[in-house]
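Visitor: Input: one structure, supplied below.
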Amino acid sequence: MSERMLEIARDADGRFLATVDERRAPVVIDDWDDVRRLRNKTYLVDHWSDDDLAAFIALHGHPFDQWWSELSAACADALVANPGGQVPSEHQDEVKRTLNRQPRQAGLGLDGSSLSPALRAYVEAKSA
């Protein structure tokens, strides 16, 4: 398995640049769609410093926001009530359906019938 990552960092001008291959010029990243396109094109997982990821989220929202907005209020409330547990059976189909409509993203998914760790952290932050 390759150890290469899609390195994304903020440059001195404040732009976000993705390096796919150090032999090629970095690519400017303007939004989450750019990140998703590069992930899909390169089959690489993106790597950010915590500060750069937080800055990108502050400017462009969280990558899971679109998924969250598609959930019914009842489903969202149930997930917030117990983000570390299993998705309640009455909401499993809705969660699976909304996840299937989303572009492939790191961490957006289920582990069995529970939220993935990254998705669980996102939902836990919603409850704070």
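The values are calculated or read from the model by the stated rules, or taken from the named source; none is laboratory data. Just so it is clear, the structure is predicted and the values come from calculations on it, not from any experiment. Neighbour counts run over all protein chains shown; Cβ positions are idealised from the backbone, glycine included. With ligands, DNA and RNA removed, areas are computed over all heavy atoms of the protein, side chains included. Shrake-Rupley method; radii C 1.70, N 1.55, O 1.52, S 1.80 Å.
Visitor: Taking the convex hull of the alpha carbon atoms in the chain, what volume per residue do you get, in Å³? It would help to have the intermediate numbers written out before the result.
Guide: Details: hull volume 15.4 nm³, N = 128.
Convex hull volume per residue, Cα atoms: 121 Å³.
Visitor: With +1 on each Lys and Arg Cβ and -1 on each Asp and Glu Cβ, and nothing else charged, work out how big the dipole of the range 40-128 is about its Cα centre, in Debye to the nearest 20. Working shown, then result.
Guide: On the way: 7 positive and 12 negative charges, 61 e Å.
Here the range 40-128 has a charge dipole of around 300 debye.
Visitor: At 1.4 Å probe size, with every protein chain present, just tell me what the per residue accessible area of the chain comes to in Å². Numbers along the way, then the final one.
Guide: On the way: 7660 Å² over 128 residues.
With the other protein chains kept in place, the chain gives 60 Å² per residue.
Visitor: Taking every DSSP beta bridge that has both residues in the chain, what percent is antiparallel when rounded to the nearest 5?
Guide: Values: 10 of 13 bridges.
Taking every DSSP beta bridge within the chain, about 75 percent pair in antiparallel fashion.
Visitor: Count charges around Arg97 for me, please; just the other residues with Cβ under 14 Å from its Cβ, Lys/Arg as +1, Asp/Glu as -1. Don't skip to the answer; put the middle values down first.
Guide: Details: positive: Lys96, Arg101; negative: Glu70, Glu90, Asp93, Glu94.
Taking every Cβ under 14 Å from that of Arg97, the sum is -2.
Visitor: Can you give the accessible area of Trp68, probe radius 1.4 Å, in Å² rounded to 10?
Guide: Around 50 Å² of this residue is reachable by solvent.
Visitor: Next question, about the same structure. Within the accessible area of the chain, what % is carbon and sulfur when the probe is 1.4 Å and the other protein chains stay in place?
Guide: Numbers: 3810 of 7660 Å².
Heavy-atom surface of the chain belonging to carbon and sulfur, 1.4 Å probe: 50 percent.
Visitor: Continuing with this model, one more query. If each residue of separation counts as 0.36 nm, what is the full-extension length gain between Ala58 and Asn40 once their alpha-carbon separation is subtracted?
Guide: Working: separation 18, 0.36 × 18 = 6.48 nm, distance 2.36 nm.
Result: 4.1 nm gained on full extension.
Visitor: Now for a different question. Counting other Cβ atoms within 10 Å, which trypsin sites (Lys or Arg not before Pro) in the range 1-91 have at most 10 and lie in a DSSP loop? Each step should come with its number before you reach the end.
Guide: Numbers: sites: Arg4, Arg10, Arg15, Arg23, Arg24, Arg36, Arg37, Arg39, Lys41; in loops: Arg4, Arg15, Arg23, Arg24.
Those that pass, being in a loop and sparsely packed, are Arg23, Arg24.
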